[in-house]
Amino acid sequence: MNPDPTLLRSSAVASDLLDRAKSEWSRFAQAVGRLQVYLCCANVTAFISYSHLDRGYGAQAKSVLAEFDIESFLAHEDLEVSEEWQARILSELRRCDLFVPLLSLNFLASKWAPQEAGFIISRPDVLITPLSIDGTTPFGFLSHLQSRRIPNEGLTRELLIEPLATRMPRTALPALIRVAGAAKSFRDAESRMAPLVRFFPNFTPQEAQTFAEASIANGQIWSAALCRTEYLPKFIHAQGTNLDPKTSRALRYQVEHDERYREEGEQKA
């Protein structure tokens, strides 16, 4: 008995619809994952402790953190004239996730900055990242911590974000990925990519997929010398098996050939 052609066609249509539904669901899931990656830093807050004589460095720190959607508090900038400033400072110290003391001789001479540092020690859940402006080292309750010297060119992403990525990777790495994906030149891409390299093995599959897609889409990344010859090969070695096959194929091609990958149908067209 021959199968009913109508039933065969109906079965084929149903199978095709199921395949399309699975494909659409996969794309939707990836889009949701990318959104989660990009929103991870939205609720992180920082307190920047400094002498008002070093307010230029404070502004630099706030600017760098803002790149990663990290809300930061600068007492001299963010306090309203009529506000009860002591109460506001205590409130910000109680709610911050990251404490950044900008150490200097001016910091030591300040009436308030050392007290802010003393208060924050009572919160062991807070990440403290001491940065030194003039070689001043952590003191008092901070003496068990190591500081990093701010270079002559000013604060960098590495100084502020790398410690956060080590302590809170699911918060900081998505932000670093987003910032790297927005590179505007070859040198900019290399600069934005560098802090991520040591963390490639720690990416989740979704973070790896998001990073790969951003790298493929931005020619300033995959065609930059250091990215193409050093950074991206390290990423592929660490995360290649976690990538969608099409994504992996495109990234490998662009790295190896230094030209944009196109699907076969697109190339023929």
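Each value in this text was obtained by applying a stated rule to the coordinates, not by laboratory testing. Remember, it's a predicted structure, so these values are computed and weren't measured experimentally. Cβ atoms come from the backbone with ideal geometry, glycine included; neighbour counts cover every protein chain shown.
Results, tabulated for the structure shown:
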read-out	value
Residues 227, 96 arranged by fewest to most Cβ contacts within 10 Å	96, 227
Nonlocal amide H pairs with residue 224, under 5 Å, H built at 1.01 Å	none
R0 of 25 Å, Cβ-Cβ distance residue 63-residue 90: FRET efficiency to nearest 0.05	0.50
Descending semi-axes in whole angstrom, ellipsoid equivalent of segment 121-181, from the Cα gyration tensor	23, 18, 6
Sparsely packed GluC sites (Glu not before Pro) within segment 126-229, loop by DSSP, other Cβ within 10 Å at most 13	153
Phi to ³J(HN,Hα) by Karplus 6.51 cos²θ - 1.76 cosθ + 1.60 over segment 107-115, Hz, x for Gly, Pro	4, 4, 7, 5, 6, 10, 4, x, 5
Interchain or long-range residues, amide H under 5 Å from residue 49's placed H	100, 102
Extension gain (nm, one decimal) between residue 197 and residue 139, 0.36 nm per residue minus Cα-Cα	17.7 nm
Residue 148 versus residue 257: modelled label distance in nm, points set 7 Å from Cα along the beta carbon direction	3.8
Sites residue 204 and residue 246, calculated FRET efficiency, Cβ-Cβ separation with R0 22 Å, nearest 0.05	0.70
Cα-based Rg of segment 180-231 normalised by 2.2 N^0.38 Å, two decimals	1.02
